[in-house]
Amino acid sequence: MTSTIFSADSWKEFTITFRLALKKVRGMMGLLALLLFIVFPMVFMVAMWNVQNNHQEAFTQETLDSACFGYISFILIFIIPLILIFTVVVAVMLFSYLHRKRSVDLFHSLPIRRTPMLLGRYCAGLTALLVPVILNFVLVFAIGFSYHVNLQYSFHFVFNRMFWTLLMTAAALTFSVFMAVCSGTSFDMVLSIIGVNAAYPLLIYVSDVLASCILPGLRVTAALKSTILTAFSPFAAAFLPLCASYRSEWNPADGVSAGFYIWWILCTLLLLGASVLLCRKRKSECAESNFAFPIPKIIIRFMVTAVAGIGFGLMLMFATGMQASFFIGVVSGSLAAHIVAEALYSRGFQHMRKSFSWYGVFAASFVVFYAVLATGFFGYDTRIPNAVEVQSVSVADSEDHDIYFYTTSGSEHFRKIGELSPTIQERKNIEKVLTAHRAFVENNRETRFPYSVNDMGYSSFTLTYHLKNGGVVVRSYPRFHIQGKKDTDQNPWDKMIKQINGIQEYQETANILFYLEPEYFESVSISSVAKDDKSLAEASPLVLTRNEKKELLEALRQDCLNGAVDYKYNPYRDETNYLQVNFRYADSITLKDGKLKTLLGGYSGKIDIAGTSSFDLYSNATNTRAVIEKYGWDKPTSAAK
């Protein structure tokens, strides 16, 4: 009986295997190191030299640090795929002996036990992949140091990216080894690696989209894409920092959460332990067969079938707008995917009839999943908190023009520090929101239950209830404008939205006008807009006095509360001739004590305002029109003061 305890001999077996395996892949290690050097340190060095010597504007530390973040984030787009490709190649080179009968008989006849043999080869592969990555990141550190990049701030970002790259390389290699142990051929091994890492994220995504198309109140969430989407897909998870780097609100200090680091460390260890355990139980006769352990094949085939069926069904529905198209797509797409997956794994159709029992498992799972969603997902569709449980309500309308606030000085240059988010906190207003929401839900239940799949639309209206116990309840609904219907009370979606938008507290927290001070904008331009949406007269910027700015702001605020001013898209407006007021926000604003400074947590630095700057004035905007007429700003001859 073979001992499973490492002894001195076990260590010797491990080191012999490690040296021989490393010798086998040293060529790939050298090639990876060379390619990484060309793509990473060399390009980074040339880019930083160009920034320092050819920058047209005044060269500052700020410019250098910003360039460092930008170039590294961009270069990683090419580095991550390169490392992952080499990971699969190295794994195939080191573990293909498991997939050839002569090789596996030869290796298992050697005086080296299976565990040290597998671990020795695994560590050799890890060394061949990680050493080039570490060396090239060290070179990037040295280049950044030579160009005097901010060590405390910039290198924290670089180290974060390096550690994540190393961890995900180790996770990807371990996953590949696990699939090598489970597979009977190298072809099946590579097919399984691609299958899981592509099918799992896509399955989660299309399932979430389908649920959002059926279940009222549920929408595809961005948070889902950064965690659950990649939880079991190391090749996809490796790209997470790149996704974070290109978010509109990106902060260079941002990275992957500590919890996700821990998750992948544990997953890597579990996969390695499972690989060792299965390798010891694996029969030599499994080489060149379909699978040594069939469970991965069953799971992968199920995921591919589900992704193709649901995905193709959704595509047809979005293209045609018909519910029948969805079900036609599900059946045809899933059947085709199941047949292709089985044919690839079985190298033909000899086991096809037997495999259709597993297709039945998918069909039953889909029917149960759809039925649960169509019946409200155990009360999810009607579950709304009581007023006594709610601390505040945040409202997000995708048709609003977002307002963001960015820093403009120091090492925090152009860092997003806040945004305008309508919030309801007063008890009576929270009750109004709940009343409107509850009426909409009840109407939805009466008219649409059981729910069916529908296009979820491109715009949404989201209510986020922040509870006193720290919990959060989020409900998001698509916005559908009924063409030709000017009475919003006949449209249940717009009826709820109109009632919530009419709350004064909502107006005062949603509209930038209620946060502006006279010092926050430099000039104003006023133009008349006609049916053809063209300005009737060229409006010159008006540079106003402080008192004039203050008077204009007060008038605009009052008309906003009266519903006479629009600051976002309104498809139900009857008037096609109106005035438009455009603000030119000041650069590098110094915040005064007031609502905006409070919103930004008392921030004392300089900021820029990005977002909505135009407001539409209709005929009943009497207060603002009176101010405009008082100073003659609406006359074509008005000149800037």
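For the reader, a short list of remarks on this structure follows.
- Residue check, Phe318 under 17 Å from Val367 (Cβ atoms) and either open to solvent by 60 Å² or more (accessible area, probe 1.4 Å) or modelled with pLDDT of 90 or more (or both): no
- Of all residues in the range 616-627, none that is at positive phi has its Cβ atom under 9 Å from the Cβ atom of a residue that is of a type outside the set (D, E, K, R), 6 or more apart or on another chain.
- Any hit, the range 568-575, residues being at pLDDT 65 or above and not charged (D, E, K, R): no
- Output for the range 239-265, where each listed residue is modelled with pLDDT of 90 or more and open to solvent by less than 50 Å² (accessible area, probe 1.4 Å): Trp264
- Close pairs from the range 140-151: first closer than 17 Å to Ser73 by Cα, partner of a type in the set (D, E, K, R), Cβ under 6 Å, at least 6 apart: Asn150/Asp65
- If you go through the range 182-204 and keep only what is surrounded by fewer than 24 Cβ atoms within 10 Å (Cβ to Cβ), more than 30 Å from Leu314 (Cβ to Cβ) and hydrophobic (A, V, I, L, M, F, W, C), you end up with just Phe187.
- Each residue in the range 62-83 was checked for being surrounded by 15 or more Cβ atoms within 10 Å (Cβ to Cβ) and either closer than 18 Å to Val149 by Cα or at pLDDT below 70 (or both), and 13 of them qualify.
- Conditions (1) out of contact with any Phe, Trp or Tyr (no Cβ under 7 Å at 6 or more places or on another chain); (2) within 21 Å of Tyr506 (Cβ to Cβ); number of the one not met by Gly418: (1)
- Selection within the range 323-355 - open to solvent by less than 10 Å² (accessible area, probe 1.4 Å), touching a residue at least 60 places away in the same chain (Cβ under 8 Å) and over 14 Å from Ser192 (Cα atoms): Phe326
- Test for Glu426: is it touching a residue at least 24 places away in the same chain (Cβ under 8 Å) and open to solvent by 70 Å² or more (accessible area, probe 1.4 Å): yes
- So Phe157, is it out of contact with any helix residue (DSSP H, G or I) (no Cβ under 8 Å at 6 or more places or on another chain) and part of a helix (DSSP H, G or I): no
- Qualifying position, being assigned to a helix (DSSP H, G or I) and closer than 23 Å to Arg219 by Cβ, among Val441, Val388: Val441
- Tally, over the range 276-297, of residues that are open to solvent by 20 Å² or more (accessible area, probe 1.4 Å) and part of a helix (DSSP H, G or I): 10
- For the range 586-609, the set of residues classified as open to solvent by less than 40 Å² (accessible area, probe 1.4 Å) and closer than 16 Å to Ile512 by Cβ consists of Ala586, Ile589, Leu591, Gly594, Leu596, Leu600, Ile607, Ile609, listed by residue number.
Per-residue answers, yes or no, for (1) open to solvent by 20 Å² or more (accessible area, probe 1.4 Å); (2) within 28 Å of Asp9 (Cβ to Cβ):
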| position | (1), (2) |
| --- | --- |
| Leu94 | no, yes |
| Leu98 | no, yes |
| Phe107 | yes, yes |
| Pro111 | yes, yes |
| Ala124 | no, yes |
| Met168 | no, no |
| Ala172 | no, no |
| Val177 | no, yes |
| Ala180 | no, yes |
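- Qualifying residue in the range 396-414 (condition: modelled with pLDDT of 90 or more and not hydrophobic (A, V, I, L, M, F, W, C)): no
- Residue match in the range 298-313 (condition: in a helix (DSSP H, G or I), modelled with pLDDT of 90 or more and of a type in the set (Lys, Arg)): yes
- Only listed residue being outside the structural domain of Ala211 (by the TED database), touching a strand residue (DSSP E or B) at 6+ places or on another chain (Cβ under 6 Å), open to solvent by less than 40 Å² (accessible area, probe 1.4 Å) and modelled with pLDDT under 85, chosen from Ser476, Ser535, Ser523, Ser460: Ser460
The values are calculated or read from the model by the stated rules, or taken from the named source; none is laboratory data. What you see is a predicted model; the values in this text were computed from it and never measured. In this analysis, Cβ positions are derived from the backbone assuming ideal geometry, glycine residues included, and neighbour counts consider all displayed protein chains. All accessible areas refer to the heavy atoms of the entire protein, side chains included, with ligands and DNA or RNA removed. Shrake-Rupley method; radii C 1.70, N 1.55, O 1.52, S 1.80 Å.
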